[in-house]
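Have a look at the structure below, then the notes.
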Amino acid sequence: MSKTEPTARNTAESITTHSDVDAFLAEMTKSSASGISATGRLIFALDATASRRETWDMACQLQGDMFRTVAAIGGLSVQLIYYRDRSECRSSRWVTDPNHLAELMTRIDCRTGKTQIGKILAHAKRETELLKVSALVFVGDAFEEDEDKLLPDAHELGRLGVPVFMFQEGNNRGAEWVFREIARLSKGAYCRFDEGSANQLGELLKAVAVFAVGGIAALEASKDAAAIKLLGQMR
């Protein structure tokens, strides 16, 4: 388990919840299949701030479906990173059994806080400099940072061959502009969703998993609507 920034806990309730997640992550990393040689590495990033509380269960279901798709595809290593609270931004280790990540998501509770997308992009840049990352997926609904400070990292991810797939929940126009720019600069793709288009998001997430394993050629071979939508932006 790693932290991008240390976090103080002031109440017994928050300490208990925090420790529960820590314990589960420790268990998860012990059970990861280190002997399997993955062909792709996917970072899955989540906004877990309070504004997403009402739709968190829906998001867990969709992302759980994506993780199951990853497991069926095989050959993919996944890392989960999420932010919430004032400064908490945490990542799991890389694992080759993504079903553990789906279970972890059910243990994360949303908390009031501001966005930390800049930390996500910087983290992805560090990770791919150590060992190539195939793609970064982000799911969130807001943006409260200085775009001038993080857009250079999006551009650098594009140069390093790490497309960012920005999936926006809701219709915050300010967030949409920045999300689209991050996707464009990194040579990734952007999509907005709500409860009415949840199924579409689920298919897009699965398409990203296919891309992370087999690249553009795998997306072209799948020939489904989600793959075509992503390809249209990535070219």
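The values are calculated or read from the model by the stated rules, or taken from the named source; none is laboratory data. Note that the structure is predicted; figures quoted are calculated from it, not measured. Here the Cβ positions follow ideal geometry from the backbone for every residue, glycine too, while neighbour counts run over all protein chains shown. To get the accessible areas, we keep the full protein, side chains included, count just its heavy atoms, and leave off ligands, DNA and RNA. Shrake-Rupley method; radii C 1.70, N 1.55, O 1.52, S 1.80 Å.
Brief remarks follow.
- Selection count where residues are modelled with pLDDT of 90 or more and buried (at least 17 other Cβ atoms within 10 Å of the Cβ), scope region 159-177: 9
- Residues being in a strand (DSSP E or B) and open to solvent by less than 20 Å² (accessible area, probe 1.4 Å) - total across region 41-80: 12
- So Arg84, is it open to solvent by less than 10 Å² (accessible area, probe 1.4 Å) and of a type in the set (Lys, Arg): yes
- Residue ID - nearest to Gly40 (Cα to Cα), chosen from residues in region 204-231 that are without any contact (Cβ under 8 Å) to a residue 60 or more places away in the chain and in contact with a strand residue (DSSP E or B) (Cβ under 8 Å, 6 or more places away or on another chain): Leu204
- Pairs with Cβ under 9 Å, 6+ apart, first in region 128-147 and among the acidic types (Asp, Glu), second assigned to a strand (DSSP E or B) and open to solvent by less than 10 Å² (accessible area, probe 1.4 Å): Asp141/Asp47; Asp141/Thr49; Asp141/Gln168
- When region 123-173 is filtered for residues that are within 12 Å of the chain's Cα centre (by Cα) and of a type in the set (S, T, N, Q), only Gln168 remains.
- Here region 185-209 is the region considered, the condition is being touching a helix residue (DSSP H, G or I) at 6+ places or on another chain (Cβ under 6 Å) and open to solvent by 40 Å² or more (accessible area, probe 1.4 Å), and the residue that is modelled with the highest pLDDT is Lys187.
- Scanning region 121-132 turns up no residue that is open to solvent by less than 10 Å² (accessible area, probe 1.4 Å) and not in a helix (DSSP H, G or I).
- Region 87-120, subset of a type in the set (Gly, Ala, Ser) and assigned to a loop (DSSP other than H, G, I, E, B), residue surrounded by the fewest Cβ atoms within 10 Å (Cβ to Cβ): Ser87
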